[in-house]
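Shown next, in C-alpha cells, is the structure this report addresses.
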Amino acid sequence: MTTARRQLIDAESTPFYHVINRCVRRAFLCGEDALSGRSYQHRGGWIVDRIRQLSSIFCIDVCAYAVMSNHYHLVLKIDLAAQQALSPFEVIERWTELFSGNPVAAKFLKGDSLSEGERIQLDTLISDWQERLGSISWFMRCLNEDIARKANREDGCKGVFWEGRFKSQALLDEQALLACMMYVDLNPIRAGIADSLQTSDYTSIQERIEEVAEPATANISLKPLLQFDGAATAAEQSGIPFHFADYLELIDWTGRAVREDKHGFIACSRPKLLLELGISDDAWITSAKEFRRQYSGMSGRWDAMCAMKAKYGGKWCRGKQQSQAIHPH
C-alpha cells in the first residue's frame, strides 16, 4: 500500500531527504537512444538548471544530484529557519515567480489599501504559500511538470512522462546523509558510463570539482549547492556536516572500489571519514553500491528509524543489518 507523503517527509524529524524519479515509455532524460540513435544529452542540463532555479525560490537546498539516462536522484535539505523567516512580501514575490498571483496579493505588492475581507484572504494565501515554499512535494511538482512539458513538446507527443510520484527516503543522521550523497554522486561510475568524477556529467560532484578548479566560472545567478560545513560547531551548522576535502578523499576511494575493473587500484590507507565514523570498508562499499535497495522510506540509526516509523503508525522497517553496519557505535 502506498504510504502517505506526510509520513515520509517530516522536516522536524530530519531536514535531509533523498528523492528519485524515473521516466516511462522508454523515455530519456539524457544520453543516447541506441535504437533511434538520437541524443538526449541536453536534457540533463534542463534538470540541473531547473533544480537550481527552484532552490533559489523554495527554502530547499540541493546537497547532491545525479541525472541518469532515464531517472534522476536528488539529496535535498529543507531550510525551516529560512522558510519561517520569510516576510509576507517575500512569500508573494517568490510564489509568483512560479504561478500566477492573486488580485489581492497584487494589490498588497503595489501598496494599495485592503479591506478587512481582503486582508483575511491575503493572510490565508500567504500562510498556504509559505508552507508550500518549504515543501519537497511542491518542489518536485514544479520540477517534474516543467521537464515533462519540455520533453513532450520536443518529442511531439502528449501523455505521462514520469512513471508515478517521486520516491523519497528520510536521512536521519550524518552517516545516512554521507552514504546517500556518495551513492548519488557515484551513479555514473557505478553504472559504467563514466570512469572518473570529473567525467561524471550532470552530477553534483562534477560541479563541485569544477567550482574548486575554476571558481570564477560559477553561475552566480543561481543558488549554489549547499556548502560543506565541517568546521562549524553542531549548534552553528547550517550546511553539510563534513569537510569537502574529506568527502572528496572518500568519494575518490569509494569510486575506485565500486568499479569492477579497478579492484587492484584501491589505496591501502583508509579515508579519514571512515576512520572517524568507525565504518568498516565492506559496509561502506555495500552502501555505495546498494543504498537505495538497502532501505525503504528512511535511513539512519536503527532505533531512530523504528521511532519515526512508529510515529506514523508503522510496524516494520527495512535495513536493520546495513543500518547497524554503518552505525557501529
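Quick notes
- Crossing angle, helix 281-294 versus the chain [Cα axis fit, 0-90 degrees, rounded to tens]: 40 degrees
- Estimated FRET transfer efficiency when R0 is 56 angstrom, pair Ile193-Ser113 (beta carbons, to 0.05): 0.40
- Residue by residue, region 165-171 carries 3J(HN,Hα) couplings of 5, 5, 9, 9, 10, 7, 10 Hz when phi is fed to the Karplus relation 6.51 cos²θ - 1.76 cosθ + 1.60 (θ = phi - 60°); x denotes Gly or Pro.
- Over the chain: helical MRE at 222 nm, DSSP H runs n ≥ 4 each giving -39500 (n - 2.57), nearest 500: -14500 deg cm²/dmol
- Projected label points at Arg149 and Leu275, each 7 Å from Cα along the beta carbon direction, are separated by 5.3 nanometres.
- Dipole check for region 46-184: with +1 at the C-beta of Lys and Arg, -1 at the C-beta of Asp and Glu, and the Cα centre as origin, the magnitude is about 420 Debye.
- Calculated FRET value between Glu97 and Gln237, using beta carbons and R₀ = 45 Å, to 0.05: 0.95
- The chain: most fluctuating residue of Ala170, Ala66, Ala304 per GNM, C-alpha cutoff 10 Å: Ala304
- Extension reserve of the Ser56-Tyr312 stretch, reckoned as 0.36 nm per residue once the Cα distance is removed: 89.0 nm
- Relative to the longest principal axis of the Cα atoms of the chain, the long axis of helix 302-311 lies at roughly 30 degrees.
- Relative contact order of the chain, defined on C-alpha pairs under 8 angstrom at six or more residues apart (%): 20 percent
- Segments 116-124, 171-179, 279-287 sorted - mean Cβ within 10 Å per residue, highest first: 171-179, 279-287, 116-124
- The chain - accessible surface per residue (Å², probe 1.4 Å): 49 Å²
- Taking the 1.4 Å solvent-accessible surface of the chain as the whole, the part contributed by carbon and sulfur is 51%.
- Degrees separating the helix 136-155 axis from the principal Cα axis of the chain, which is the longest one: 90 degrees
The values are calculated or read from the model by the stated rules, or taken from the named source; none is laboratory data. Keep in mind that what you see is a predicted model, and the values were worked out from it rather than measured. Reconstructed Cβ throughout: ideal geometry from the backbone, glycine too, with neighbour counts over all protein chains shown. When the accessible area is computed, the model is the full protein with side chains, heavy atoms only, and any ligands, DNA or RNA have been set aside. Shrake-Rupley method; radii C 1.70, N 1.55, O 1.52, S 1.80 Å.
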